[in-house]
Amino acid sequence: MATSTPVTLPIIDISPFLTSSVSSTARQDCAKELATACSTTGFFYLIGHCIPASTTDNVLSLARRFFLESSDADKARIARLNPPDGDGARGYQKIGENVTRGRKDWHEAIDFYREWDDGGAAPSDGILAGGNLWPENPKELRDVYLGYIDEVKRVGTAVVRAMGLALGLKDEEVFVNSTRNSFWVMRMIGYPGLTLSSSNRDEDLEHYSCGEHTDYGCLTLLLADSTPNALQVHPAGSEEGTWITANPIPGAFVVNIGDMMERWTNGLWKSTRHRVIHKGENFRVSVPFFFEPDWDTRVKPLEECVARSGGNSIADEVMYGDHLLGKVRGNFY
């Protein structure tokens, strides 16, 4: 049976990496805090990101309006469809369509990805080869979200720049250079409350809101509403069955590292398992933004990290686009 601990996630102020007129000491202090967070919990709260509350509040409000006010026909018009009718990834997914570890997730969502606007070659089998499917209503959603994407990419770049410093790499810009054309992913997710059995135990849930998993790529910046007791984190190295509840903090992103960062660091930083169990009666909304490597970035353990972790690589080189395609093909029921 899952347990909760009083351990809390660290809070990191990223503003020294978003402002030019700060001392190198401030950046070093931020990087040290980041190194500790990434080598322990793998999750942290991020403040000082300079995105106004009016923007983040609007992003969440528009998502809520879409999920709760759109008709079934409106949602069906932008439904995710498999090739040749769609690209198998982008678009709306009804409750139970998304699958984690072979089990249906109890949420609905829209998935958006970076579009093929840079001359890159889309996959030949049609997966991820299409354009994003935007809701017609709320009418302002598309423009607001496109502006938000630009802002959160800037934050992602600041964080990975700090990570290069945190690791003490000779090439501190290695992560920045590998994400200049980030093949980002963004999800709008709506979570109705779960149905529980009479015993009210976690293992008796008919579904998980989102099953236990790690994230595929580099860095996740989660924007979520104020719903408590939903997101749960299993810190690296903790006992099995130990979960930290990552309740929202006003004005902060919840940030975690993904599989590609674990590969780059040769396991010095772990891609942390997490899940969502939303038992409340309210409708929870979140908008995670996945700041990923470029499609053609080749990710392998960095030599400095291999040396620090005993001299043996934990993984071979992989092209990020191939890694992502493998994940996407198993995502849906």
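The values are calculated or read from the model by the stated rules, or taken from the named source; none is laboratory data. If you're wondering where the values come from, they're calculated on a predicted model, not measured in any experiment. Reconstructed Cβ throughout: ideal geometry from the backbone, glycine too, with neighbour counts over all protein chains shown.
Filtering the range 114-166 to residues that are out of contact with any strand residue (DSSP E or B) (no Cβ under 7 Å at 6 or more places or on another chain), closer than 30 Å to Ser61 by Cβ, of a type in the set (Lys, Arg) and in a helix (DSSP H, G or I) leaves Arg142, Arg154.
Anything in the range 88-115 that is free of Cβ contacts under 8 Å to residues at least 40 places away in the same chain and farther than 16 Å from Met186 by Cβ? List them, or say none. Lay out the reasoning, then the answer.
Narrowing the range 88-115 to residues free of Cβ contacts under 8 Å to residues at least 40 places away in the same chain: 94, 102, 115.
Answer for the range 88-115, where residues must be free of Cβ contacts under 8 Å to residues at least 40 places away in the same chain and farther than 16 Å from Met186 by Cβ: Lys94, Gly102.
Among the residues of the range 296-311, those identified as modelled with pLDDT of 95 or more, assigned to a loop (DSSP other than H, G, I, E, B) and closer than 18 Å to Lys270 by Cβ are Lys300, Pro301, Leu302. The set of residues in the range 221-247 that are over 14 Å from Arg275 (Cα atoms), at pLDDT 95 or above and out of contact with any helix residue (DSSP H, G or I) (no Cβ under 9 Å at 6 or more places or on another chain) comprises Ser226, Thr227. For the range 213-231, which residues satisfy the criterion of being crowded, with 16+ Cβ neighbours inside 10 Å and over 27 Å from Arg161 (Cα atoms)? Asp225, Thr227, Ala230 - these are the residues of the range 213-231 that are crowded, with 16+ Cβ neighbours inside 10 Å and over 27 Å from Arg161 (Cα atoms).
With a cut-off of at least 2 residues that are polar (S, T, N, Q), name the strands (runs of 3 or more DSSP E) lying wholly within the range 227-288. I'd like the intermediate steps shown before the answer.
On the way: elements: 231-234, 242-245, 253-257, 273-276.
Result: 242-245.
Leu268 satisfies every condition listed in (1) within 17 Å of Val318 (Cα to Cα); (2) in contact with a helix residue (DSSP H, G or I) (Cβ under 6 Å, 6 or more places away or on another chain) except (1). Within the range 288-315, the only residue that satisfies the criterion of being without any contact (Cβ under 8 Å) to a residue 24 or more places away in the chain and within 23 Å of the chain's Cα centre (by Cα) is Arg298. When we screen Asp105, Asp87 for residues that are more than 18 Å from the chain's Cα centre (by Cα) and not hydrophobic (A, V, I, L, M, F, W, C), the only hit is Asp87.
Here Arg154, Arg161 are screened, and the one residue that is farther than 23 Å from Lys327 by Cβ, in contact (Cβ under 8 Å) with a residue 12 or more places away in the chain, crowded, with 17+ Cβ neighbours inside 10 Å and among the basic types (Lys, Arg) is Arg161. Do any residues in the range 50-65 that are farther than 18 Å from Lys153 by Cα have Cβ atoms under 8 Å from those of residues that are modelled with pLDDT of 95 or more and of a type in the set (Asp, Glu), where the two are at least six apart or on different chains, and which pairs are they? Here the result reads Leu62/Glu140; Arg64/Asp225, each pair linking the range 50-65 to a residue that is modelled with pLDDT of 95 or more and of a type in the set (Asp, Glu). When Ile78 is tested against (1) under 19 Å from Leu60 (Cβ atoms); (2) surrounded by 15 or more Cβ atoms within 10 Å (Cβ to Cβ); (3) free of Cβ contacts under 8 Å to residues at least 60 places away in the same chain; (4) over 19 Å from the mean Cα position of the chain (by Cα), just one condition goes unmet, and that condition is (1). So which residues in the range 46-75 are small (Gly, Ala, Ser) and either exposed (fewer than 14 other Cβ atoms within 10 Å of the Cβ) or not in a loop (DSSP other than H, G, I, E, B) (or both), if there are any at all? Within the range 46-75, Ala53, Ser54, Ser61, Ala63, Ser71, Ala73 qualify.
Only a single item in (1) touching a strand residue (DSSP E or B) at 6+ places or on another chain (Cβ under 7 Å); (2) over 22 Å from Gly251 (Cβ atoms); (3) crowded, with 18+ Cβ neighbours inside 10 Å is not met by Arg180, and it is number (3).
Would you be able to tell me the number of residues in the range 232-263 that are within 25 Å of Leu302 (Cβ to Cβ) and in contact (Cβ under 8 Å) with a residue 60 or more places away in the chain?
First, pick out the residues of the range 232-263 that are within 25 Å of Leu302 (Cβ to Cβ): 235-237, 255-263.
With the extra rule that they be in contact (Cβ under 8 Å) with a residue 60 or more places away in the chain, the set shrinks to 235-237, 255-257, 259-261.
Result for the range 232-263: 9.
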